[in-house]
1. Within segment 43-65, which residues are at pLDDT below 95 and polar (S, T, N, Q)?
2. Do we find that SER185 is under 18 Å from THR36 (Cα atoms) and at pLDDT 80 or above in this structure?
3. Taking segment 82-117 on its own, how many of its residues are surrounded by 14 or more Cβ atoms within 10 Å (Cβ to Cβ), among the hydroxyl-bearing types (Ser, Thr, Tyr) and at pLDDT below 90?
Amino acid sequence: MACHTRSNSFPSRSHPIIQEVDEHLCRLRSSESTTTSSSTISHKLSGLQDLHDCVDRLLQLPLNQQALAQEKHQKCANELLDGSLRLLDVCSTAKDALLQTKECMQNLQSIIRRRRGEESEVLSSEIKKYLTSRKMVKKVIHKAIGNLKGVKNSSLNNDQETIAIVSKLRDIEAVSFTIFESVLSFISGPKSKPSSWSLVSKMVQSKRVACDEEAKVNEFAEVDAALKSLKSADNAQNQLSNLESCIQDQEEGLESLFRQLIKTRVSLLNILNH
């Protein structure tokens, strides 16, 4: 987007809030190249929440409020407001994907715990429900990721003449979309379908190198593969337990981040309504 205005600087290039924002941006950008695991996803969500907490404090600086409130900057400010809504939408998508997966997973766990030999058909039916639900979740996620890529490519280009606060908020928005793309991709799991042999191999290795698996395992993909390839939940109980813990961590991270994104959006709205 191009907003042809005279370049302005921040209140002070050494302002501690600006320095803090830059540090968070640097860390999140560095994390983009790290191996994706449940722990790294939780770390990214925590880092993104910290970043947006800084954003809210950045928006409280009087000179930034004055700059964004000026009529000649209204278009840029409104576009930032639209961006904040898109961030809330994609965060909601991730939360919904986790909730849907968790509900089906808990039903499956309940049946496994009380299962009897004559109830194998019930178990098989529940496995099918879980896999069908996961297929729907993946479809929604892939659509959301496609939309994210379109947004990043079309509307997050900085103009040299854009005021400094707008430029910085665009950078934050772009990094936020990238982190959400990583989160959604992790929930969806790899597109490739592992063979039964590769799955059994992974199960054996997981007992030997539990420490190393933290950086390699995708809990969602593990359960998907176990239920799809083995057609039984007996060998997936550990994976289901791991997935339950993973979902809980990510739900907490996304909920905290969602509340922070709402807070930031309210701050933007207050500035534009003055």
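1. Once the filter is applied, which keeps residues that are at pLDDT below 95 and polar (S, T, N, Q), segment 43-65 yields GLN60, ASN64, GLN65.
2. Numbers: under 18 Å from THR36 (Cα atoms): yes; at pLDDT 80 or above: yes.
Taking the combined requirement at face value, the residue satisfies it.
3. Counting residues in segment 82-117 that are surrounded by 14 or more Cβ atoms within 10 Å (Cβ to Cβ), among the hydroxyl-bearing types (Ser, Thr, Tyr) and at pLDDT below 90 gives 0.
The values are calculated or read from the model by the stated rules, or taken from the named source; none is laboratory data. What you see is a predicted model, and the numbers here were worked out from it, not measured in a lab. No Cβ is skipped: glycine too gets one built from the backbone with ideal geometry, and neighbour counts run over all protein chains shown.
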